[in-house]
Structure formats: structure tokens, C-alpha cells
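Shown next, in C-alpha cells, is the structure this report addresses.
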Amino acid sequence: MKNPLRLRVLFLVCFFAAGGVNRGGAEPPVPKKVNSLKNFQTIQVLHDGRIKPLDTYARTLLLQFSGRSKVGKEPAVRWLARFLLAPETTRNDKIFLVNNPQIVESLGIPPEHGRRYSFAQMEAVYPKLAEMAAAAFRIEDKQRDLVENEIIRVHENVRGYADLTHSFQFAFPHPDFEITSPRLRSRIGLPEQQAMFSFIEVIQKADKIYAITQPLEKKPMAEWGEDEKKLAGLMSQIYQWSASYQGLPFTVVPSYLPNDERWMSPWDIFQAAFKTTEGREEAVALRDLMVAYWNGEQIPFDLAAKHFQQSVRTRYQSTMGRDLPDGKLEIAYNKANLFLWTKISYALAFLVFLFSLVSDKKYLYPLAWGLTVAGFVTQTIGLGMRIAILGRPPVSNLYETFVFVSFMIGLSGMIIERLNRQWLGLVVSAIGGFVFLLIANKFASEGDTLRMLVAVLNSNFWLSTHVLSITTGYAGACVAGIIGHIYILQAIFKPNNKALQERTSRVLLGALGFGLAMTFLGTNLGGIWADESWGRFWGWDPKENGALLIILWIAMIFHARLGGLIGPLGVAASSVLVLIVVMWAWFGVNLLSIGLHSYGFMQGVATNLAVYVTLQLLFLSITIPIALGRQHANKSSKT
């Protein structure tokens, strides 16, 4: 058997055109490709525990590799088609994100400005990368630092890429299946005008080859003729290729067994079901898909994709007793990119507000309202589509919670503005909605992939109660933090407008009260869930302590205000600090890597969190003395 590591990582697909190609150092051939991937992108694949269309799979794969959903200007699904059907053409695509420059230096790769590297670059240093990854793997999970986790991530991506390049290799002509003898080709039933064949072409004739070679078992090897030696070699190659390429990660073929949830790669068809009519037809359809792509034949390409999908859907309905999702809604969600339009709308609304500070044009206020509503509507549609696709509330990971909190801030801001009518709510919606969507993008590779839940979160009831409640509490606290910033700036730039400051202060107290109530509710619901799942209501887990800290901090603000220890400016400053408390409770506690809640979140946020805390404290250290000075000067002028 061939060395799996060599086959999976170092040995690349390099034979493309029909009839075979001898590259000899020349540039690899380029496929003519097809213009439309409409039918290709709807093919379903089982990935990360969920059945999804290739359009989503392509975005997920690129986000995993590069942190981006495109290669240059090339859409993900178009890159995926090129990658799967003509992998040699993607060798120089810079898709492997390496965040830590120490790793690049250790590998001996010239650093790239965009921190992204090609497979050709990574292949050259793969032995060193594999050695480093093996050393990192030997370290216990919770003892690894960021560099070690990054080494493992990069290694897994490079190995995953190499594995996927073999997904359609069964359809490429290869020297292992070269038959120069016209007489032997005729005996087997292969085209006489062709000398080099693909694995699938040869295995389709496996019965004839076996029938011809069966008598050789009783014949001494020394008496074998050239044709007999060649046939024995073909049988050996069939066995080795079949064994070497089992279990590839491109699981696009549902099991042929009844009630079997497992899916397999195209290669696995040859052992599991190639003798069946369905298995043979599906393997041939995938071969035809590749051939049509290379020849640039749109109609045959579409027919092959439809034929494969129809066979899979019919068989899936028969074996599983349910229909295979068509993925159209998911593809529409991917194409719409609604959250991008939400960010644009919120950003424009804030720009309109800034313009209103220097202009008294009456149309600016309704324009800002319209932009805010437009952003909120697109975000609502986007969240609704995610809920419909996943069948659960969109709050299962950091990406989704930031998007949901952005949504709740947008809604809260519009409610505030409906009651206040002083630009305050629109500013809250615009700033909070935009900033939290911007932060969500940082976690897109982890969360914007519509993946299945980790087991501990797999409960729609508790996601709809505890998680929604606690994240709504986060949103309320964040609204208070934003308004706290606004109040401080009003105290500096409009110290004489007491009516404005009083209205802002009342709204601030309302936001704090809402955040306190929802966080308290969510924490108690979380305790009930913990009692149900882990047999205890409270265990002083870091995540539980973080939620409790939010409650205590906001309660302290109210007690200090009622006790006369702080005034409106003190409430505003304390509300700014609420944002720090929320961020630590939200995901900062996960940096500890301990506790029952330490799951499914992206690592590497410590630096960003430290910068954020520093900026907030710097804001307060600069603005509070100025605001106090303005207040003192205002009182002095009155006396």
C-alpha cells in the first residue's frame, strides 16, 4: 500500500486533459471552465454535522483557510469548482492565513504582506510544519499557547487542502493506468485510440481484467507474458488507489444503507456501491461533471450535476424516509449578504447625524430614520433566514451573539428615538448596530458558517430562553454604555443644555434597568438549565461569575445613584465601565480556558480585549475631568 502521508500531502494531482498530459516542467493546462455554476452550487455535502449546499461549503472552506469568503474577486463557489475539478490551478492561490509571524519565520517562508500563503509555498516546507504540529499535538489542549494552536490550525488546513485535491482524481487519466498495447486495450474493452486512462475507466473493466488474470494464480510468474504482467499491475494499482483514497473529507455522497446518517466521498463509492446501478451512475455523473468543466461544455456540465443530484435525492428519500434539503434558501442568504447592507445603512445613518451637527436641513432627520429602518429591516430578514436554515435561535456562538446584540441595539435605539425624538436613539442604533456587526466579522470564520451546535448547546428551548435572555441583557447594558458615552460628550460640548442632559440621563437609567432585568432573568434561567444538565444550579463557573458581575455592577450603580453617592455624570461614567464588564463576561472569561462554559469560542482575543479596555479607560480619564470642569464653571457662572 502507498504511504498515506505521501499520497495525502506531498503527491498532488497533476494530470488533467483527456488522454493524459506529460507536464515536463511546462505550465499546467488550464480548463476552459463553464460560465454558470447554478446547478453545481446546489449539490449537497455533509460538513460539520450539517447538510449544506456547495455554495455554503465553499464559503466555509475559504473562511477556514483564509478568513475570507473570496479569493481576490473570485467568488467562493467558483474557486471551489476550480479547486475540486482542476486543483493544480489553485496551487499558487494565497489562501492559507498564518497569523503569527514566528511560525512563518520558523518555516523559512518569506513573509507576505497579507499574511496569506499558497499551497506551493506550504508544500515546500510541509515536513517542517508537520514536525511542529506533531510537537504541538503532544501538548495538552488547555496547556497550549496561541502559537501552538496556530501551528495546529495551519497544519490542519494544509493537510485538508491536500486531501481535497484528490476528491476527483479518479476521473483524471494517470500514468499508473497507461496501456500501450492496442491488443491489450482491445481485450479489456478500452478505446484503442487512447493510451492513458483514469481510475474509473479501468475499474469499469475490472470484471474483464479479473477474468483474464484469474488463471495467472496457477501459472508461474516467470511464464507470464507482457500483457499478463501489465494486467496484474493494473489490478494492483486498482487495489492500492482504492485503499489509499478512502475517507476523504469531501463527503458529497449519502450512504447507500437504510437509516445510515453517514456520508462518503466520491472515492468511497467504488468500494461501497460501484457494483450497484445507483453507485455506478453517480460516480459516472461526477466524472462527467469534471470532464464537462474542463471542456467548457455548459449543458453537459449542468446535466451531470442534475443527474447526480436527482439520483442522490431519490436514493436519500428511499433510504432515510425524508427529503434532502434543496439549499435554495441558504444560497439566497449567502448571495444577499444582508448584514453587509445593514452595516452600510447604519454607517450612512451616523454620517447623516454628523452632517446634521453643522446643518439644519429638515430632510436630514427623516433620512437618518429611513436609513436606520432600512438597516434594521435587512438585519431582521438576515436573522430570520438564519433561523429558518438552522432551525434554531441565532445565538449559539460569538459571531451569532454579536449579530443578535447588534439587532437588539438597533431595535432599542429605534424605540428610544420613537419616544425621545432627539437623535439619541438613532445614534445608538447606528453606532451600536454598526460596531457590533463589525466585531462579528472578526469571528466569521468560527461562526458565520451555519454550523451545527456543540452538544452542550443543542437545546432549542434553552437557546430560546436562557441564551436569548442573557444576550438581550448584554444588549441593554451595551445600549447603556453607548448612551453613557453620549451623556459625557453632551456634558462637555453642551454644558448649558440641562434639559437635553436630563432626557439623556433618564433614557440611560431606563437602559440600565432593562439590562439588569434581562441579565438577572437570563442568569436564573441558566441556573435552571445547569441544574437540568449538570445537576447543580450554581457552581461559581467563570461564565456564571461574569453574568453575576454584570448584575452586581448595574445594581451598584442604582444604589449609588439612589444614595446620592454619584450624580448623572457618575452614572454615565459607570455605564461606560459596564461595557468593559459585559465584554469580560461575554467572552473574556473564555480566555481562562476553564469551566463548563469554556466551549466553541475563538481564541486569540486577549490583545484586542486589552486594547479595548485601555481605550475605554483612556476615554474616561480624558473626558471626565473636562466634564467636571465644565460643570464647575457652569455653577460658578450662575453664582
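The values are calculated or read from the model by the stated rules, or taken from the named source; none is laboratory data. Worth saying up front: this structure is predicted, and the values here are computed from it rather than measured. Here the Cβ is made from the backbone with ideal geometry for all residues, glycine too, and neighbour counts use every protein chain on show. Accessible surface is based on the protein model in full, side chains and every heavy atom, while ligands, DNA and RNA are left aside. Shrake-Rupley method; radii C 1.70, N 1.55, O 1.52, S 1.80 Å.
A few points about this structure:
- Lysines with Cα under 28 Å of LYS635, excluding same-chain neighbours fewer than 8 positions away: LYS494, LYS498
- Loop-exposed chymotrypsin sites (Phe, Trp or Tyr not before Pro) per DSSP, neighbour cap 15 Cβ within 10 angstrom, longest uninterrupted part of the chain: 1-223
- Cα gyration tensor shape for region 26-145, rounded if a/c is under 1.5, else prolate or oblate: oblate
- Estimated 222 nm signal from helices in the chain, with DSSP H stretches of n ≥ 4 weighted -39500 (n - 2.57), rounded to 500: -20000 deg cm²/dmol
- By the rule of a C-alpha distance below 18 Å, with chain neighbours fewer than 8 residues away ignored, the aspartates and glutamates paired with LYS543 are GLU400, ASP531, GLU532.
- In this Cβ point-charge picture (+1 for Lys and Arg, -1 for Asp and Glu), the chain has a dipole of about 1840 debye about its Cα centre.
- The alpha-carbon of LYS328 sits under 17 angstrom from the alpha-carbons of these lysines, leaving out residues fewer than 8 places away in its chain: LYS38, LYS52, LYS306.
- Calculated log₁₀ intensity ratio I(q)/I(0) where the Debye formula runs over C-alpha points of region 313-458, q = 0.10, 0.12 Å⁻¹: -0.42, -0.56
- Anisotropy class of region 159-262 from Cα gyration tensor, a/c 1.5 cut: prolate
- Region 386-423 and region 466-523: distance between their alpha carbon centers, rounded to Å: 16 Å
- Trypsin sites (Lys or Arg not before Pro) restricted to region 486-545 and DSSP loop, no more than 15 other C-beta within 10 Å: ARG536
- Nearest-0.05 FRET efficiency for ALA232 and SER181, computed from C-beta distance (R0 22 Å): 0.95
- Distance in nm between pseudo-label sites at PHE537 and GLN422 (7 Å out along the Cβ direction from Cα): 4.2 nm
- Area of MET132 that stays accessible when all protein chains are in place (1.4 Å probe, Å², to 10): 30 Å²
- Additional length obtainable on full extension of the chain from GLN271 to ALA135, 0.36 nm per residue less Cα span: 45.4 nm
- From the coordinates of this entry, volume of the Cα convex hull per residue in Å³ is computed, and it appears in [x] 197; [y] 213; [z] 177 under the label [x].
- Accessible area per residue in Å² at 1.4 Å probe, computed on region 210-311: 50 Å²
- Accessible surface of the chain [probe 1.4 Å, protein heavy atoms]: carbon and sulfur percent: 60 percent
- Cross-link pairs LYS335/LYS442; LYS94/LYS343; LYS32/LYS229 - those with Cα-Cα distance over 31 Å: LYS32/LYS229
- Candidates per GluC sites (Glu not before Pro) in region 134-216, loop by DSSP, up to 15 other Cβ within 10 Å: GLU140, GLU192
- Note on the chain: antiparallel DSSP beta bridges, both residues inside, total approximately 100 percent of the bridges counted.
- Cα centroid of region 239-302 to Cα centroid of region 37-59, whole Å: 15 Å
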